[in-house]
Amino acid sequence: MDTEFLRFKFEDSHDGVITKTKFKIGIRHIQIIYMFMCSVVMGAMRGSTGVGILAISDMDHNSSYIEMHNWSQRIQGIILSSYFFGYALFLIPAEVYLAQFGEKLVLTAVLLINGSMSAAMPTIVNKGGWIATCNAQFLMGMTQACITPVNQKLITNWLPPHERSTFNCIVQGGLMLGIIIGLPISGLISEARLGWELVFYSQAMMTFSMAVIWGLLTASRPDKHKAVGDWESDFIKETSKFYRKKTLKNPWRRVLRTRQFWAIAVSHAVSNAIFIFFLVNIPAYLKSFQLPLYEATFQVMLAFASLCLVYILTAPSLDWAYRIGIVDHFFDIRYLRKLVNGLGMIGLVTGLILLSNFIPGNQWTVFLMMITLSSLSLQYSGFLENHKDMSQNFSGTLLVMTSTVAGVVGAFVPLMTGMIVVDVTDQTCWKIMYFILSALVIVSGVFYTAFGESDRQFWDDGPRIKYAYTNETTLELDEFESTI
C-alpha cells in the first residue's frame, strides 16, 4: 500500500477525518498496522520457541544435516523457564522506564536482538550446550517484556484519545495471533531436513525482515513521519491538546497491602500457569503418544484459537452488559466477575481431569483441549477485567503488577513439569501434573471469590478525580478549589 497515495487522499478528499465523529484512514493507521505486524512476529517467536526446544531432543528425527541433543525433560524445563523468568522479571522495569519514551528505536532493538539470538541459537546449542541456551533464552525473554510498554507509548503518540483503546486491543491481540500462527508452522518446519535449526533460522529471518520494515517505514511521532500531512498532524494535536495525562505517583506499597490485589494476582498466576503448560508442555505430551510433532502443534493451535475466539466474544459482551446495567435485573453487579470466573474455574477443572484420562490422538482430546482453554478465556473475562473496576487511574499499573506475579509463577511450570515428568511416556506423571494444576485452579477460584472486589479502591487517587486523563476545565477547577 502506497503511503504517498494515502497522504494525497487524506488531504484532498477526506477532510472530514479531522472530526471526532468520522473515522477515516490515515498514515497513523498504517503505523498501527506495522505495530500489529511486530506483535504478530513476536507472538510467533513465543509460540515456536517451545516447539524448537522440543525438536532439539526429538531423537526420532533422522537427518544427517543437524546435530540432535538428548536433553531430558528436566533440562528442557530449565531452558523454557529461563525465558519466562527473564520476561517476568523485566516487566516492571520496562513499564517504569520504557513507558516514558516510546521511541521506535527501542522496538527496532528488540527485533534485532531477538533476530540475532535466533540466528545464533544453533551455534549456541551445539557449542555452548544447554547452559548457554538458558542464558540466551533469558535475554530474549527480557527484551520481549519491552514490547507492550513501548507499543502503548507509541499509540499515545500517534492516535487521538478516542481511537486508542480499540487499536491498543488490536495491537496486543497480534501477540495471540502470532502464537496461533507460530505453533503449527514451527511444528511443520521441524519435520524438514534442517529440523530444529530451521525453526530458529526462520525466527531470525522473520524478525530481521520486520526490523528493516519497522526501521525504514515508521516514526516515533507524527511530526517525524514524512508522509503525514498537515491536516492529520493538526487533527492528532488538536484532539490530544486538552487530553493530558496527570502526573500521579504509583501507590505500589498500598496496592501490595490490599487483599483485593492478591485475589486478582493469584487468579492471574494460576491462569498463566495453565496457559504456559498448554503452550510448551502439551505438545510434548501429545508427541509422547506417537503423534507427529506437526500434528501435535496443530491440535494445540486449535485450542488456542478457541481461547482467542471465546475471549473476543465474551469480554466485550460482558463489559457492555456491565456498563449498561443489564446484570442489575438479575443480581448484584458486584458479583458478575466472580460468577464468570467461577464458571471458568468449573470448566478448567473438568477439562484438566478429563484430559488426564483420555489418550491423545482422537477428536475427543482436541475437543477437550478446546473446551479447557475456552474456559480459561472465561476467567480472563472475569478477573482480568477486574483491574478496571478497582482503579480508574492505575488499572494499567495494576495489570503490570499482577502480570509480574503471574509471570514468575508461570515460569516455574516448565521447571516443575520437567522434574515430575521424568519419563515423557509415563502417563501417571502427566496425571500428577494435571491434578496439581486442577488443585491450583480450585484454590485460586475460592480465594478470588472470597477476597475479590469490584469496588474502586481507596488508593485510587481521591474521590474528586475520576480519570487519570483530564482536560483544561478540570485542571482549572482543581486549581480554583485548592485556593478555597
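Descriptive notes on the structure:
- Relative packing of 169-176, 369-376, which averages over residues the other C-beta atoms within 10 Å, highest first: 369-376, 169-176
- Relative packing of peptides 159-167, 115-123 - highest average C-beta neighbours within 10 Å first: 115-123, 159-167
- Between the stretch 125-195 and the stretch 392-428, the C-alpha centres lie 17 angstrom from each other.
- Length gained on full extension, Ile359 to Asn126, computed as 0.36 nm times the residue gap minus the Cα-Cα distance: 80.4 nm.
- Couplings for the stretch 252-259, taken from phi via the Karplus curve 6.51 cos²θ - 1.76 cosθ + 1.60 with θ = phi - 60°, read 4, 5, 5, 5, 5, 8, 9, 6 Hz in order; Gly and Pro are left as x.
- Accessible area of the stretch 170-212 belonging to carbon and sulfur atoms, whole % at 1.4 Å probe: 79
- Sites listed here are chymotrypsin sites (Phe, Trp or Tyr not before Pro) in the stretch 98-159 whose DSSP assignment is loop and whose Cβ has at most 16 other Cβ atoms within 10 Å: Phe101.
- Phi-based couplings in Hz for the stretch 280-288 (Karplus 6.51, -1.76, 1.60; Gly and Pro marked x): 10, 9, 4, x, 5, 5, 5, 5, 5
- With 31 Å as the limit on Cα-Cα distance, the pairs of Lys153/Lys388; Lys104/Lys127; Lys237/Lys388; Lys226/Lys388 that go past it are Lys104/Lys127; Lys226/Lys388.
- Converting phi to 3J(HN,Hα) with the Karplus coefficients 6.51, -1.76 and 1.60 and the offset θ = phi - 60°, the stretch 400-405 yields 5, 5, 5, 5, 5, 4 Hz in sequence order, with x at every glycine or proline.
- Estimated FRET transfer efficiency when R0 is 22 angstrom, pair Thr166-Ser209 (beta carbons, to 0.05): 0.20
- Segment Ile25..Trp320, full-extension length gain: 103.6 nm, with 0.36 nm per residue of separation and the alpha-carbon distance subtracted.
- Extension gain, Arg193 back to Thr156 (0.36 nm per residue minus Cα-Cα distance, nm): 8.8 nm
- Sorting the segments 36-42, 302-308 by their mean number of nearby beta carbons within 10 angstrom, highest to lowest, gives 36-42, 302-308.
The values are calculated or read from the model by the stated rules, or taken from the named source; none is laboratory data. Note that the structure is predicted; figures quoted are calculated from it, not measured. Backbone-built Cβ (ideal geometry, glycine too); neighbour counts: all protein chains shown. We work out accessible area using only protein heavy atoms, side chains counted, and drop any ligands, DNA or RNA first. Shrake-Rupley method; radii C 1.70, N 1.55, O 1.52, S 1.80 Å.
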